[in-house]
Amino acid sequence: MSPWWAQGLVYGLLFGFLMTLFFRLDEDSWFPALVSGPISGLLFGTVMGLTMSRINGRMLVGLEAFSSVELRTVARAAARGPAPDDLRLREAAEVLVKRRRNEMLRTRRWSLVLFSVLPVIYVLLAITQKQWWWWLAAVVFLVFLAYLVTAPGRVERRLVVLSPRQVKPR
């Protein structure tokens with residue numbers, strides 16, 4: 001697992017770049033955008049790096065016995081593709097998916113509220129301020145909402161694929 005600062009760097013660079021573009025759309029000059037965007041990225045990256053590192057650390061508890069190659073295989077199997085033939089890796093992937101499901105269920109209520117309210121706010125801003133990028137923000141958060149609504153089904157389908165009952169006899 002990457003250290004918190006590396007995760008934060010990835011999140012922060014992406015967010016900072018997007019916020020720089022957003023601030024540039026809102027201003028006549030690049031200067032405010034080139035100041036506000038990187039500061040936003042630094043703050044967002046720090047918070048997200050620490051948060052995601054903590055969450056990822058909880059996900060990997062008990063999987064320390066696996067090598068880094070095996071952990072990559074487990075993470076890949078937990079997300080997509082065929083289940084590993086190695087029963088240890090398959091069981092570890094199943095554990096990882098169950099932990100992700102539990103984390104998702106723990107935060108689901110507030111996530112659904114947030115991602116339901118934000119598109120409404122952005123649509124109202126688009127109508128009242130007549131700025132096209134608010135429509136884009138509304139669409140982005142509607143995509144997040146669709147992801148959240150469909151996530152439980154995807155997780156359950158992944159668990160079926162990883163289930164020991166799906167092991168093919170040799």
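Would you confirm, using the coordinates I've provided, whether SER53 is of a type in the set (S, T, N, Q), surrounded by 13 or more Cβ atoms within 10 Å (Cβ to Cβ), in contact (Cβ under 8 Å) with a residue 24 or more places away in the chain and within 27 Å of PHE144 (Cα to Cα)? Yes.
More than 18 Å from the chain's Cα centre (by Cα), part of a loop (DSSP other than H, G, I, E, B) and at pLDDT 90 or above: does that describe PRO38?
In short, no.
One residue stands out in segment 58-97 among those that are out of contact with any helix residue (DSSP H, G or I) (no Cβ under 9 Å at 6 or more places or on another chain) and in a helix (DSSP H, G or I): the one that is surrounded by the most Cβ atoms within 10 Å (Cβ to Cβ), namely ARG72. Within segment 112-153, the set of residues being under 30 Å from PRO84 (Cβ atoms) and surrounded by 14 or more Cβ atoms within 10 Å (Cβ to Cβ) comprises LEU148, ALA151.
Condition check: surrounded by 14 or more Cβ atoms within 10 Å (Cβ to Cβ), assigned to a helix (DSSP H, G or I) and in contact (Cβ under 8 Å) with a residue 60 or more places away in the chain. Does PHE44 satisfy that? Answer is no for this residue. Look at segment 141-167: where a residue is modelled with pLDDT under 90 and a partner is exposed (fewer than 12 other Cβ atoms within 10 Å of the Cβ), sitting 6+ places away or on another chain with Cβ atoms under 9 Å, you get PRO164/LEU87; GLN166/VAL160; VAL167/ASP85; VAL167/LEU87. Yes or no: segment 61-73 includes at least one residue that is under 15 Å from the mean Cα position of the chain (by Cα) and of a type in the set (Lys, Arg). Looking through segment 61-73, none of the residues is under 15 Å from the mean Cα position of the chain (by Cα) and of a type in the set (Lys, Arg). Looking across segment 20-34, the residues that are modelled with pLDDT of 85 or more and of a type in the set (Phe, Trp, Tyr) come down to TRP30, PHE31.
The values are calculated or read from the model by the stated rules, or taken from the named source; none is laboratory data. Remember, it's a predicted structure, so these values are computed and weren't measured experimentally. Every residue, glycine among them, receives a Cβ derived from its backbone with ideal geometry; neighbour counts consider all protein chains shown.
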